[in-house]
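The values are calculated or read from the model by the stated rules, or taken from the named source; none is laboratory data. Note that this is a predicted model, so its numbers are computed, not measured. With ideal geometry, Cβ positions are generated from the backbone for all residues, glycine too; neighbour counts draw on all protein chains shown. Remember, those area values only see protein heavy atoms, side chains included, never the ligands or the DNA or RNA. Shrake-Rupley method; radii C 1.70, N 1.55, O 1.52, S 1.80 Å.
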Amino acid sequence: IQILDADGNFLSMFGRGGDGPGFFGRPKGLAVDRDGHIWVADTSMDRVQVFDRKGQLAGYFGVHGTLPGQFVLPTGVAVDSQNRVMVTEQFKGRLQIFRYITDAEAAAEKAQKSASNAGPSPSAEAKP
């Protein structure tokens with residue numbers, strides 16, 4: 001994957017052939033979300049990989065199959081302004097839509113769960 005500036009000048013590149021996480025078998029689709037994450041649909045590996053702006057692997061999902069979250073030749077990926085990740089498949093003619101949870105959303109959800117699980121303080125009277 002090559003990263004270019006707005007004028008098309010080369011900035012950097014990452015990735016190489018292989019079948020493990022962070023490697024590519026046959027990358028086909030690419031998208032960049034509003035946080036700068038780079039999403040790559042890898043057709044031969046039946047997965048979508050997510051990289052940070054520097055090209056470091058942030059995560060991946062998908063395996064070969066026809067169930068939700070599984071892929072048969074994913075060829076396209078797009079991320080919209082509501083953080084929905086849309087993946088198209090060549091073989092099944094299918095579009096799957098996932099929800100990407102941003103770091104800020106994850107932190108807010110974690111804080112909310114921590115606050116609700118704190119329970120009563122030791123000096124509070126418990127009521128059934």
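Quick rundown of the values:
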| item | result |
| --- | --- |
| Percent of Cα pairs exceeding the 18 Å cut-off, where the set is the range 17-92 | 32 percent |
| Alpha-carbon centroid distance for the pair the range 36-67 / the range 84-114, whole angstrom | 13 Å |
| Under 16 Å from K28, Cα to Cα: aspartates and glutamates that are on another chain or at least 8 residues apart | D19, D42, D46, E89 |
| Inter-probe distance in nm under a simple model that places probes 7 Å from Cα toward Cβ, at N9 and A111 | 3.9 nm |
| For the chain, built as a Gaussian network whose Cα springs stay under 10 Å, the top-fluctuating residue of A106, A115, A78 | A115 |
| Accessible area (Å², per residue) of the chain, counting only protein heavy atoms and a probe of 1.4 Å | 66 Å² |
| Rounded percent of accessible protein surface that carbon and sulfur make up, the chain, 1.4 Å probe | 54 percent |
| Calculated P(r) tail over 17 Å for the chain, as whole % of Cα pairs | 63 percent |
| The range 56-98: equivalent-ellipsoid semi-axes (sqrt of 5 x gyration tensor eigenvalues, Cα, Å) | 17, 13, 9 |
